[in-house]
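> Have a look at this one.
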Amino acid sequence: MSNQVKKNAVRAGTITAGTALMLLMSSPAFALTRDDGDDPGPGLSVIQTLGLYVAMPIVLFLIIAGLVIVSDKSRKQAKSKG
């Protein structure tokens, strides 16, 4: 094997080991037991979940896109006048 291939293999192994270590360290975060001071609120309904994770990103995208389009049109009009 060439030196470059060995370096790439070591780099890939290091990244894989690091990722596995991070996953193992975060596994207690997925535990089902409640911690002291844990006070979860009521769950979201289906409508609230769809609104939060589907409708809100679409609305934010449309607002940002609209602001970009309006600012671009006003900039083009200012260039054509002056």
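The numbers here are math on the coordinates, done by the rules we state, and not lab data. Since this is a predicted model, take the numbers as computed values, not measurements. Using ideal geometry, Cβ is built from the backbone for each residue, glycine included, and neighbour counts are taken over all protein chains shown.
> Relative to the longest principal axis of the chain, what angle (0 to 90°, nearest 10) does the C-alpha long axis of helix 3-26 take?
Approximately 90 degrees, to the nearest ten.
> Here is a follow-up. Calculate, axis by axis, the spread of Cα positions in the chain along the three principal axes, and write the results as whole Å, longest axis first.
The Cα atoms of the chain stretch 63, 55, 22 Å along their principal axes.
> With a Förster radius of 30 Å, plug the Cβ-Cβ distance of S45 and M25 into 1/(1 + (r/R0)^6) and report the FRET value to the nearest 0.05.
On the way: r = 34 Å, r/R0 = 1.14.
Approximately 0.30, to the nearest 0.05.
> Full-extension gain between Y53 and A12, please, as 0.36 nm times their residue separation minus the C-alpha to C-alpha distance.
Working: separation 41, 0.36 × 41 = 14.76 nm, distance 3.47 nm.
Working it through step by step, the gained length comes to 11.3 nm.
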